[in-house]
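S.K.: Following this message is one structure expressed as structure tokens.
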Amino acid sequence: MPYGTPPVARQLEHGRFNRFLATLPPHDFALLAPHLRTLPLERSVMLQDVGEEIEHVYFPHTGMVSLVAVMQSGATVETATIGRWGIIGASAALGAKSAVARAVVQLPGTAAWISAAHFHAAAGQSAAIRDLVVRYNDILLGQIQQSVACNALHAMEARLCRWLLQTHDCIDGNAIPLTQEFLGQMLGVRRTTVTIAARLLQGAGLIRYRRGLIHILDRQALEEIACECYAATRSKAEKLFPSPR
């Protein structure tokens, strides 16, 4: 059961506020505000699992949550990345009862949360909330489709750059606490494959890897090497949830 502080204030602190909530008109946000609470996102915590009832909806402010597909062997691969642009459990607004993916916290941070019942009730009174949820779900589906195509068609080095950029978007600062073993699990490849690609990026001066931390040194160069998938998904998210000015 989530826990948290009193209701979330509608404030933007240098962009450190969930973009879905920030994009809502004041009247529509007011339907959610009395019921929103904040909680820490702790690494490896599972927020929902396939087939389970959606009890709560989460709006990350910082940190990163992965939607992962789980095989019978227990192997996992990431299908979508959710940070401050996204929501976990968004379809509850439209009446969905069960989760269709496992959502696991990969990078710690903070999030707002609301009960699925309150979110559904607010959506019933707000066309803006319903419209934003539908449009967000379209973007999420697009990200999943892009991820499938990316894993099948693009080179490992380009895929690694895409994933590092997506992760960098979810955090404050340039140090990402990730192990190469974890990266391999998320990208669906062996650890040794990630090691080779990471060494190439480090040798080119784009990243520095040490003791479970990846430091982003040259983001622009990473964007140049990354496959088209990063720019495609980022541009769609920015159109729906513009950066605060």
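The values are calculated or read from the model by the stated rules, or taken from the named source; none is laboratory data. All values reported here derive from a predicted model rather than from experimental measurement. Don't worry about glycine lacking a Cβ; one is built from the backbone with ideal geometry, like all the others, and counts go over all protein chains shown.
S.K.: Name the one entry in Leu132, Leu183, Leu140 that is surrounded by 14 or more Cβ atoms within 10 Å (Cβ to Cβ) and not assigned by TED's automatic domain parsing to the domain that holds Ala90. Lay out the reasoning, then the answer.
M.R.: On the way: Leu132 fails: not assigned by TED's automatic domain parsing to the domain that holds Ala90; Leu140 fails: not assigned by TED's automatic domain parsing to the domain that holds Ala90.
When all the criteria are applied, what remains is Leu183.
S.K.: Which is more than 21 Å from the chain's Cα centre (by Cα), surrounded by 14 or more Cβ atoms within 10 Å (Cβ to Cβ) and basic (Lys, Arg), of Arg208, Arg190, Arg199? Reasoning before the result, please.
M.R.: Details: Arg190 fails: surrounded by 14 or more Cβ atoms within 10 Å (Cβ to Cβ); Arg199 fails: surrounded by 14 or more Cβ atoms within 10 Å (Cβ to Cβ).
Being more than 21 Å from the chain's Cα centre (by Cα), surrounded by 14 or more Cβ atoms within 10 Å (Cβ to Cβ) and basic (Lys, Arg) holds for just one of Arg208, Arg190, Arg199, which is Arg208.
S.K.: If you go through region 193-201 one residue at a time, do you hit one that is modelled with pLDDT of 85 or more, assigned to a loop (DSSP other than H, G, I, E, B) and either farther than 27 Å from Thr110 by Cβ or not basic (Lys, Arg) (or both)?
M.R.: Looking through region 193-201, none of the residues is modelled with pLDDT of 85 or more, assigned to a loop (DSSP other than H, G, I, E, B) and either farther than 27 Å from Thr110 by Cβ or not basic (Lys, Arg) (or both).
S.K.: Related question: Restricting attention to region 7-31, which residues are at pLDDT 90 or above and either over 17 Å from Trp85 (Cβ atoms) or part of a loop (DSSP other than H, G, I, E, B) (or both)? Even if it seems obvious, please write down each step before you answer.
M.R.: Our first condition is that a residue be at pLDDT 90 or above; within region 7-31, this holds for 18-31.
Asn18, Leu24, Pro25, Pro26, His27, Asp28, Ala30, Leu31, listed by residue number.
S.K.: Determine whether region 235-245 contains at least one residue that is of a type in the set (Lys, Arg) and surrounded by fewer than 13 Cβ atoms within 10 Å (Cβ to Cβ).
M.R.: Going through region 235-245, the residues of a type in the set (Lys, Arg) turn out to be 236, 239, 245.
Now drop any that are not surrounded by fewer than 13 Cβ atoms within 10 Å (Cβ to Cβ), which leaves 239, 245.
Checked against the condition, which is being of a type in the set (Lys, Arg) and surrounded by fewer than 13 Cβ atoms within 10 Å (Cβ to Cβ), region 235-245 yields at least one hit.
S.K.: Can you tell me which residue is modelled with the lowest pLDDT among those in region 35-83 that are of a type in the set (A, V, I, L, M, F, W, C) and part of a loop (DSSP other than H, G, I, E, B)? Reasoning before the result, please.
M.R.: To start, the set of residues in region 35-83 that are of a type in the set (A, V, I, L, M, F, W, C) comprises 36, 39, 41, 45-47, 50, 54, 57, 59, 64-65, 67-71, 75, 77, 80, 82.
If we keep only those that are part of a loop (DSSP other than H, G, I, E, B) as well, we get 36, 45, 50, 54, 71, 75.
On the way: Leu36: 95, Val45: 95, Val50: 90, Ile54: 97, Met71: 81, Ala75: 75.
The qualifying residue modelled with the lowest pLDDT is Ala75.
S.K.: Every residue in region 207-245 that is in contact (Cβ under 8 Å) with a residue 40 or more places away in the chain, farther than 19 Å from Cys150 by Cβ and in a loop (DSSP other than H, G, I, E, B), please.
M.R.: Of everything in region 207-245, those that are in contact (Cβ under 8 Å) with a residue 40 or more places away in the chain, farther than 19 Å from Cys150 by Cβ and in a loop (DSSP other than H, G, I, E, B) turn out to be Leu217, Phe241, Pro242, Ser243, Pro244.
S.K.: Quick test of your reading of the structure: Gly4 fulfils all but one of (1) within 24 Å of Ala123 (Cα to Cα); (2) surrounded by 19 or more Cβ atoms within 10 Å (Cβ to Cβ); (3) at pLDDT below 95. Name the failing condition by number.
M.R.: (2)
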